[in-house]
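Please read the structure below before turning to the comments.
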Amino acid sequence: MLAWTTTPDEPSGLALSEVPDPVPQAHEVIVRVEAFAPNPGDLAALPGAPAGAVPGWDGSGVVLEPAADGTGPRAGDRVLFLGLTGGWAQKRAVSRQFLGTAPAGVSWEELATLPVPATSALRAVRRLGSVLGRRVLVVGASSAVGRAAVQIAARSGAQVVAVARDESRHREIRRLGAHETHTSPASISSRVHGAIDLIGGQHLVDAYALLEAGGTVIALGHAAGDDERFPYGAFVADLATADRSITSFFLATEPDLGDEMQYLAAAGLDIGPIDSRPWTELARWIGSGAPRGSGRVVFRVDHDA
Ligand SMILES: NC(=O)c1ccc[n+]([C@@H]2O[C@H](COP(=O)([O-])OP(=O)(O)OC[C@H]3O[C@@H](n4cnc5c(N)ncnc54)[C@H](OP(=O)(O)O)[C@@H]3O)[C@@H](O)[C@H]2O)c1
């Protein structure tokens, strides 16, 4: 089969190469990949990947071979999936726990954008406990994970407070379900039950300061790449601020995502505009700095090559 592999010999660090078909373990399904959508984690991991690796996390496609242990979807099922490697290829072995079946009406491109952003958002909202009638802060609400978190929290009954630095996106974020929008946490005046932070740096410090007693910040993303510096007093508690916490998050340690991926595929989530391209353009796109607009770039895999 053909796959994009890492190589030091190309300026982009990638070459389209002939590689052996994947060999599944008992709990893995072999899929024919129809589309994949590079996410920030993929791109950040590329420079450190060993030569000859097939990168790629998020994708969608059709089951070619069901898992040998008899679990999971059947041959011919439409699926969406994730994994830490192997996605930028014509075929891929995927663990049953990171794969969900998908309804017919959702495009390959839409499905490929969902796995990491939507499952991360769902698991983060769930970690906040019941959000019904409670204020939930989403910092970085214009990101893919942020958009998914706004929608999932709003559907769960939360009063969603959204922060996105670009004010021109606020109308759209309100359409997704946010009740309040801000360009920075600094303008938020009432405390929140919980927060999901995709940006880090000062945003994380500010999100923690906004928690009510018992509240939690999920430090899910670090898009700003900035240090966090907490001022003296940030962790001194009183009646209004006791028992607050910050927790780190890594999707790959979250087990059994398959059923939730199936739910999310059918949930009609909108995680932004899709820019669909042939997969032969991947290296050129990455070589030019992986530019994107407000949504995801998705690559359609060619099986006739
Ligand atoms: N821990 C995990 O398991 C896990 C899972 C999924 C994602 N993540 C992380 O979560 C973050 C979001 O992922 P994504 O896929 O949603 O990202 P994305 O769609 O690429 O969006 C990135 C966002 O970061 C914003 N941003 C970048 N620099 C900023 C700054 N200095 N100040 C304020 N905003 C800034 C951008 O704002 P503009 O739109 O205004 O440019 C954009 O909304 C990433 O850091 C990703 O690596 C972690």
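Some notes on this structure:
- When 163, 205 are checked against the criterion of being crowded, with 24+ Cβ neighbours inside 10 Å, within 16 Å of the ligand (Cβ to nearest atom) and not assigned by TED's automatic domain parsing to the domain that holds residue 82, a single residue qualifies: 163.
- Residue count for region 166-188, restricted to those that are more than 20 Å from the chain's Cα centre (by Cα), surrounded by 18 or more Cβ atoms within 10 Å (Cβ to Cβ) and of a type outside the set (A, V, I, L, M): 5
- Restricting 200, 194, 215 to residues that are near the ligand (Cβ under 8 Å from one of its atoms) and not hydrophobic (A, V, I, L, M, F, W, C) narrows the list to 200.
- Unmet requirement for residue 55, which otherwise passes all of (1) at pLDDT 95 or above; (2) open to solvent by 40 Å² or more (accessible area, probe 1.4 Å): (2)
- Only a single criterion out of (1) charged (D, E, K, R); (2) more than 8 Å from the ligand (Cβ to nearest atom); (3) open to solvent by less than 20 Å² (accessible area, probe 1.4 Å) is not satisfied by residue 147, namely (2).
- If only residues of region 92-101 that are assigned to a helix (DSSP H, G or I) and touching a Leu at 6+ places or on another chain (Cβ under 7 Å) are counted, the one that is least open to solvent (accessible area, probe 1.4 Å) is 98.
- The set of residues from region 227-274 being open to solvent by 40 Å² or more (accessible area, probe 1.4 Å), more than 16 Å from the ligand (Cβ to nearest atom) and not in a loop (DSSP other than H, G, I, E, B) comprises 245, 259, 262, 263, 266.
- The set of residues in region 9-35 that are charged (D, E, K, R) and under 13 Å from residue 82 (Cα atoms) contains only 28.
- Residue 223 at pLDDT 95 or above, part of a loop (DSSP other than H, G, I, E, B) and within 20 Å of the chain's Cα centre (by Cα): yes
- As for region 105-113, it holds at least one residue that is among the small types (Gly, Ala, Ser), surrounded by fewer than 24 Cβ atoms within 10 Å (Cβ to Cβ) and more than 15 Å from the ligand (Cβ to nearest atom).
The values are calculated or read from the model by the stated rules, or taken from the named source; none is laboratory data. Every value quoted in this text rests on a predicted model; they were computed, and no experiment measured them. Cβ coordinates were reconstructed from backbone atoms using ideal geometry, including for glycine residues, and neighbour counts include every protein chain displayed. For the accessible areas, the whole protein counts, side chains as well, though only heavy atoms, and no ligand, DNA or RNA atoms are used. Shrake-Rupley method; radii C 1.70, N 1.55, O 1.52, S 1.80 Å.
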